[in-house]
Amino acid sequence: MIGTTTPAMPTAPGVPAIVSSRFGVADGHTLEGYRSSGSYEGYSALRAVLEMSPSAASEIVKDASLLGRGGAGFPAGIKWGFCPADVWPRYIVVNGDESEPGTYKDRVLMERDPHQLIEGCLIAAYAIGAAQVFLYVRGEMAHAQERIAAALNEAYAAGLVGRNILGTDFSVDIVLHWGAGAYIVGEETALIESLEGNRGMPRLKPPFFPAAKGVYLAPTIVNNVETLSNLPWLFSHSVEEYRSVGTDSSPGTRLIALSGHVENPGIFEVAQGTTTFRELFESELYGNGIRAGHELKMFIPGGASAPWFFPEQVDLPLEGRVVGGAGSMLGSGAVVVMDETTDAVRACLRLVRFFARESCGKCTPCREGTTWEEKILQRILDGHGRPSDLELLLDVADNISPGPYPVASDPANDLDAVPYPPRQTTICPLGPSSVAPITSAIRRFRHEFEDKIVQRDLIPVEGVSVDV
Amino acid sequence: MARLTPENVELAHRIIARYPRPKSATIPLCHLAQEQDGWLTDEAMVHVAELVGCTPAEVLGTASFYEMFKRHETGRYCLNVCTNISCQLLGGEELLEHAEQVLGVRPGGTTSDGMFTLEDVECIAACTEAPAVQVNYRYFHRLGPDDLDQLITDLRSGALDDVVPHHGTLGRVHQDLDGDRIANITPPEAQTEPVWIRRHRELAESNDGGAS
Ligand SMILES: Cc1cc2nc3c(=O)[nH]c(=O)nc-3n(C[C@H](O)[C@H](O)[C@H](O)COP(=O)(O)O)c2cc1C
Ligand code: SF4
Ligand code: FES
């Protein structure tokens, strides 16, 4: 199909559309549309916030237990509190670099409802006392950049951004910044390097925790697009209403991009904590079943960096701690479904190749290790694998992430889950993420690798003894 | 082919003014140069260095890190086929092979008529609409081989000129931020406690004082 398609966007009965209420509204991206459609009146939350003290606004975010939607699931209100007292200026960087394979939600939020994000930025800036907000949008997202630029122009003209917002003493600039293509820039310290005009290579933590030493070494809050897009609804409703959705530990909703082998792939806003993967795959509201005539082989619950799950895990809820305990992570809300036609080695190679291509090269275990992982997997897939390759692969992986790597349980073989997160010998988690598909695939589908390796041994070679 | 035009220099100064430190404008200015020339020339990088106040080597160091900056001439259209996991599952790799056949080039190659540069790219955030393709960073969703043929025909004939600008053009709507409306963009050293924060702090302090 030429042209872009509209993502399907129903929510389940009783689940409010907190961030997606304007996805289907034709002019939801304009100021007028933002004010007159959706699950709350646009910019009314900002007016309410300006009546409160900044610390009261922060408290609300803390009480709501708004979890970060960028990958780590860290509570936003607590993160905001990490800025050292009396150190100025403070900055906010909005992470719109969405590039984790399988993830497609921040782009829709930016294209369909840019004012919601802008209002979210303003609320955060007021609460934290930010001197400036940088809205970092992935370079490849030209349309999102256009929509945000247009929305910012409207908002500035209406006195909603800039000097003396709505006639008060609250003033802040929001600047649209855009990247130029590099997955690693989504990592918050690399994002900051990139915003300073440098190569997007992560910084060591400690000491470079952004809340203490971020952009220009000033305290900086990095939040994901979806995280901030929750704020206008939260502030035009209440903490109680927000917490009435989902569970105590995971309140509110999440946007989930459901892709791969389901009948109805799409982006769905679901209640966190209560919705299960089975509902996501099977409900008519969401996936509407694995594609006809096929069955589930495995799925990725949270983007390419997440260890795989299998049919035994479908009844788990989309809850961070539960999924973490079961050996994976919810990550960026990217659920990729693979049916029995999927070649585990080929899928594994493709994911590993991604990490090898995107490694920034700053640390040796990741730069060299991901390259070797790709090389070894490629030769196995091509039929040139050596009998020692699986052990070699796991050994290389162990140099990037030592010790038992997080993996789902395998009841048929009496193997327990290893909980998330992995250990790392590297500066950032990208290198260790490359190990996720490898350990997941080898633990479950070792025979698929071995079959490909053995094939070559079947070719009789006269007079040569094969070294096993 | 080269340094920024006077018009673009003016725009460059406006972009630089949005940042507390000029070097933060490096990537946006490289995009501006690429928009002007279709690719990022050495002369343009020297000019960007002058504008942001660093060395040309630093600009090259930054630009060479990022996929989108092309340091040699590319086709009028960059045809990027996603082969990452969600697209792979629904035929992204086969679609790329088809594109190779039709265009007669491998990923990274440019057709001899200078129309197309083909690329095998990582996830472009359209995973539910697989297989996904971008042309000069404009999206085309759920493409089969026939759709791709049609897309190539339409691009060649100019039928999509309104939708897909030439390579290097990013957003065609720009943020418009001029001196009057800027609230407070100064170097970090010049920043102090924001007024509304101070007001609330003083209010809280005087309330505390009154209570005790
Ligand atoms: C390799 C890597 C890539 C990441 N990519 C993104 C990304 O594209 N978008 C994002 O919001 N967070 C990404 N993150 C997470 C960020 O570092 C950061 O935790 C997040 O933006 C914080 O926002 P939140 O607390 O609102 O979730 C990435 C992390 C790593 C290690
Ligand atoms: S782990 Fe990889 S991506 Fe992360 S800093 Fe090291 S080399 Fe760069
Ligand atoms: S995997 Fe192709 S767009 Fe995400």
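Some notes on this structure:
Listed here are the residues, each with its yes/no results for (1) within 16 Å of ligand 2 (Cβ to nearest atom); (2) in the same structural domain as residue A:54 (by TED's automatic domain parsing); (3) surrounded by fewer than 24 Cβ atoms within 10 Å (Cβ to Cβ); (4) not in a helix (DSSP H, G or I).
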| residue | (1), (2), (3), (4) |
| --- | --- |
| A:99 | yes, yes, no, yes |
| A:103 | no, yes, no, yes |
| A:118 | no, yes, no, no |
| A:149 | no, yes, yes, no |
| A:154 | no, yes, yes, no |
| A:174 | no, yes, no, yes |
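- Residue tally, condition surrounded by fewer than 16 Cβ atoms within 10 Å (Cβ to Cβ) and in contact (Cβ under 8 Å) with a residue 12 or more places away in the chain, over segment A:396-418: 6
- Flag: residue A:448 does not match the condition of being modelled with pLDDT of 95 or more, in a helix (DSSP H, G or I), closer than 29 Å to residue A:71 by Cα and not β-branched (Val, Ile, Thr).
- When residue B:190 is tested against the conditions (1) among the aliphatic types (A, V, I, L, M); (2) crowded, with 16+ Cβ neighbours inside 10 Å; (3) more than 8 Å from every other protein chain (Cβ to nearest Cβ); (4) closer than 17 Å to residue A:172 by Cα, the lone failure is (2).
- Tally, over segment A:32-43, of residues that are loosely packed, with under 14 Cβ neighbours inside 10 Å and either within 14 Å of chain B (Cβ to nearest Cβ) or touching a helix residue (DSSP H, G or I) at 6+ places or on another chain (Cβ under 7 Å) (or both): 0
- Among (1) closer than 16 Å to residue B:179 by Cα; (2) more than 7 Å from chain B (Cβ to nearest Cβ); (3) assigned to a helix (DSSP H, G or I), the one test that residue A:159 misses: (3)
- Checking each residue in segment B:8-24 for being of a type outside the set (Lys, Arg) and either farther than 18 Å from residue B:191 by Cα or crowded, with 16+ Cβ neighbours inside 10 Å (or both) picks out B:8, B:9, B:10, B:11, B:12, B:13, B:15, B:16, B:19, B:20, B:22, B:24.
- All conditions but one from (1) away from every other protein chain (no Cβ under 11 Å); (2) within 23 Å of residue A:226 (Cα to Cα); (3) of a type outside the set (A, V, I, L, M) apply to residue A:311; the one that does not is (2).
- Residue satisfying condition, being touching a Leu at 6+ places or on another chain (Cβ under 6 Å), at pLDDT 95 or above and within 14 Å of chain B (Cβ to nearest Cβ), within set A:46, A:50: A:46
- Pairs with Cβ under 8 Å, 6+ apart, first in segment A:196-207 and facing chain B (nearest Cβ under 8 Å), second of a type in the set (Asp, Glu) and part of a loop (DSSP other than H, G, I, E, B): none
- Taken together, B:67, B:73 contain a single residue that is part of a loop (DSSP other than H, G, I, E, B), within 16 Å of ligand 1 (Cβ to nearest atom) and closer than 25 Å to residue B:32 by Cβ, which is B:67.
- Residues of segment B:136-146 include at least one that is within 11 Å of chain A (Cβ to nearest Cβ), of a type in the set (Gly, Ala, Ser) and not in a helix (DSSP H, G or I).
- There is no residue in segment B:152-161 that is of a type in the set (A, V, I, L, M, F, W, C), modelled with pLDDT of 95 or more and in contact with a Leu (Cβ under 6 Å, 6 or more places away or on another chain).
- Qualifying residue in segment A:201-221 (condition: under 18 Å from residue B:28 (Cα atoms) and surrounded by 23 or more Cβ atoms within 10 Å (Cβ to Cβ)): yes
- When the residues of segment A:180-189 are filtered to those that are more than 10 Å from chain B (Cβ to nearest Cβ) and assigned to a helix (DSSP H, G or I), the one that is farthest from residue B:124 (Cα to Cα) is A:189.
- Test: residue in segment B:95-115 that is of a type in the set (Asp, Glu) and either touching a residue at least 24 places away in the same chain (Cβ under 8 Å) or within 28 Å of residue A:280 (Cα to Cα) (or both): no
- When residues of segment B:122-135 are limited to those that are touching a Leu at 6+ places or on another chain (Cβ under 9 Å) and outside any helix (DSSP H, G or I), the one farthest from ligand 1 (Cβ to nearest atom): B:135
- Given (1) within 14 Å of chain B (Cβ to nearest Cβ); (2) more than 16 Å from ligand 3 (Cβ to nearest atom); (3) buried (at least 22 other Cβ atoms within 10 Å of the Cβ), number of the condition residue A:246 does not satisfy: (1)
- The residues listed here are A:69, A:90; of these, the one that is more than 16 Å from ligand 2 (Cβ to nearest atom), within 22 Å of residue A:192 (Cα to Cα) and within 11 Å of chain B (Cβ to nearest Cβ) is A:90.
- Checking A:320, A:385 one by one, the residue that is out of contact with any helix residue (DSSP H, G or I) (no Cβ under 9 Å at 6 or more places or on another chain), small (Gly, Ala, Ser) and more than 24 Å from residue A:191 (Cα to Cα) is A:320 and no other.
- Residue B:5 surrounded by fewer than 18 Cβ atoms within 10 Å (Cβ to Cβ), free of Cβ contacts under 8 Å to residues at least 60 places away in the same chain and among the polar types (S, T, N, Q): yes
- Here residue A:380 fulfils each of the conditions (1) in contact with a Gly (Cβ under 9 Å, 6 or more places away or on another chain); (2) surrounded by 19 or more Cβ atoms within 10 Å (Cβ to Cβ) apart from (1).
- Residue satisfying all of: in segment A:249-274; polar (S, T, N, Q), crowded, with 23+ Cβ neighbours inside 10 Å and not in a strand (DSSP E or B); nearest to ligand 3 (Cβ to nearest atom) among these: A:272
The values are calculated or read from the model by the stated rules, or taken from the named source; none is laboratory data. All values reported here derive from a predicted model rather than from experimental measurement. A quick note on method: Cβ atoms are made from the backbone with ideal geometry, for glycine too, and the neighbour counts reach across all protein chains shown.
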